[in-house]
Amino acid sequence: MNQDHQLPHSSPEAQGIASSAIRAFVDEAEQQIRSLHSFMLLRRGCVVAQGWWSPYTPEDPHMLFSLSKSFTATAVGLAIEEGRLSLDDLVLDFFPGDVPAQPGEHLRTMRVCHLLSMSTGHAEDTLRYLHEAPDGNWARAFLARPVEYAPGTHFLYNTGATYMLSAIVQRLADMRMLDYLQSRLFQPLGIEDPAWETSPQGIDTGGWGLSIRTEDIARFGQLYLQKGLWQDRRILPEAWVEQATARQISNGSDADSDWAQGYGYQFWCCRHGAYRGDGAFGQFCMVMPEQQAVLAITAGVSDMQVVLNLVWKHLLPAMGPEPLPEGSAAAEALRRKLASLALPPQPGADSSAVTGRVSGKQYALDANPEQITSARFDFDDAGCRFTLNDGRGAREIRCGSGAWVKGETSLENDEPRRVAASGAWTDEETFAMRLWFYETPFEIAISCRFVGDRVAIDRKMNVAFGPTERPRLEGGMG
């Protein structure tokens, strides 16, 4: 990181926060949530606490899912400031070649502001239909969906709407939104090597797909907290920041839910006067203006409200107006805790009575929905090499014994993905593996039970958009 972009650091106490409160937040998060991956807390522009649970590290980017939406909205705000478009521009005007033969009245009146505020008038999220578009033209697929309500009158979280914003920016700027943001946002903030997934037409997905580091999330939040200023340079118009983070539409009435406090322009309004961008399974950029604080979090959780509840319980009330005494035992205890954060590797024994019998053997698997044909286990003193074969070839993972081993695997995807893996024998017949894809929220637990000449392989994910359990694989020695 360039020295010009280093965030200043401070003790929590110097910024009016007791170290014991941050320690309580971390401790309860580990008890209740199990898999926070990182957090960075800023107050008054200073980093007061940060931590990464190994195998996650400060250097690794993390998949943001819908937290990407807030960056897409920022690109729109910049384009508005440059005079490229306005909030009141009609959506159809940007896609003349993709307009349905007979567009309905609601579609004809849909505007940019409706895309931003998730008030397009659709009755269901359009994302599925984008993915199903046979010609890969996601904008055309979006415009083909029925619009049941008058735009601006009905909130519906609609990831397809954010994709349309990305497509508009690309059309107006004649470049990918990622490239458009480089000189205008990423470089000024010191965000290095951002990556964004694209549609079949080469348009950034907008509503998801951005990967950056935890500190980059914090920088983005700090920019918004400072009303668009960064190191005395105006990056975003102050009026845009105020519009984007204000309540533009109602999204519910549950006083205890941070998903029912109103929605801005791709930002959620929160309780306690805060606002946030967030992504599936626990990626957060929380801005607390009244406390002059920003909290960046990455995680792999199924209930994101639990994370926010812990923030409101431990961190928010601990932010006082005046500095606190330094040098307490609690401050040292917090320092030690943050330095030792880790997701535990798979517990168990290094070997069992059956290790020698199954090592190096190929298991022919019974017919299964994934068309995986065989499995192989190769054990040595360092751990295990686990291999699955399907029609696309061999897919390997190397697991450390009692420790994380980092590498790459295509076990879950066509393209190799970075992974940290560990394995151990949980009883004489069962070898278990834990795989953390440490640039994502995802963990896979694999249990392999050997009985006689047969093996049964069970796989379960920590979080998923669909079922978390995969079909069992079974087979015998070839």
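The values are calculated or read from the model by the stated rules, or taken from the named source; none is laboratory data. Being a predicted model, the structure only gives us computed values, none of them experimental. Glycine gets a Cβ as well: all are built from the backbone with ideal geometry, and neighbour counts include every protein chain shown. These area figures cover heavy atoms from the full protein model, side chains too; ligands, DNA and RNA do not enter into them. Shrake-Rupley method; radii C 1.70, N 1.55, O 1.52, S 1.80 Å.
Just a few scattered comments:
- Relative to its Kirkwood radius, the Cα radius of gyration of region 404-478 gives an Rg/Rh of 0.99.
- When the P(r) is computed for region 1-145, the part past 23 Å accounts for 59% of the Cα-Cα pairs.
- Listed by chain and number, the lysines whose alpha-carbon sits under 25 Å from that of Lys460, ignoring those within fewer than 8 places in the same chain, are Lys361, Lys406.
- Between region 346-416 and region 179-228, the alpha-carbon centres lie 36 Å apart.
- Extent of region 330-418 along its three principal axes (Cα atoms, max minus min coordinate, largest first): 57, 35, 19 Å.
- Phi angles across region 183-200 convert, under the Karplus curve 6.51 cos²θ - 1.76 cosθ + 1.60 with θ = phi - 60°, into 3J(HN,Hα) values of 7, 8, 9, 5, 5, x, 8, x, 8, 9, 6, x, 10, 9, 5, 10, 7, x Hz, Gly and Pro given as x.
- In terms of the mean number of neighbouring beta-carbon atoms within 10 Å, the peptides 94-104, 143-153, 230-240 order highest first as 143-153, 230-240, 94-104.
- For the chain, the share of accessible area belonging to carbon and sulfur comes to 48 percent (1.4 Å probe, ligands and nucleic acids excluded).
- Residue by residue, region 69-77 carries 3J(HN,Hα) couplings of 4, 5, 6, 4, 4, 5, 4, 5, x Hz when phi is fed to the Karplus relation 6.51 cos²θ - 1.76 cosθ + 1.60 (θ = phi - 60°); x denotes Gly or Pro.
- Summarising the overall dimensions of the chain from its C-alpha atoms, the Rg and Dmax are 24.4, 72 angstrom.
- Estimated 222 nm signal from helices in the chain, with DSSP H stretches of n ≥ 4 weighted -39500 (n - 2.57), rounded to 500: -6500 deg cm²/dmol
- To the nearest ten degrees, helix 214-225 and the longest principal axis of the Cα atoms of the chain are 20 degrees apart.
- Once both labels are positioned 7 Å from their Cα atoms along Cα-to-Cβ, the gap between Gln371 and Ala255 label points is 5.7 nm.
- For Lys69, the lysines whose Cα comes closer than 26 Å to its Cα, not counting residues fewer than 8 places off in the same chain, are Lys227.
- Peptides 195-202, 311-318 ranked from most to least packed by the mean count of surrounding Cβ atoms within 10 Å: 311-318, 195-202.
- Heavy atoms of the protein chains alone define the surface here; on that basis the chain has 40 Å² accessible area per residue at 1.4 Å probe size.
- Per-residue ³J(HN,Hα) for region 168-174, Karplus 6.51 cos²θ - 1.76 cosθ + 1.60, θ = phi - 60°, Hz, x for Gly and Pro: 5, 4, 5, 5, 6, 8, 6
- If R0 is 41 Å, the Cβ-Cβ spacing of Arg454 and Thr198 corresponds to a FRET efficiency of close to 0.40.
- Scattering from region 246-301 was approximated by placing one identical point on each alpha carbon and applying the Debye formula without solvent; log10 I(q)/I(0) at 0.21, 0.23, 0.24 1/Å stands at -0.79, -0.93, -0.99.
- Between region 281-342 and region 74-145, the alpha-carbon center distance in angstrom: 38
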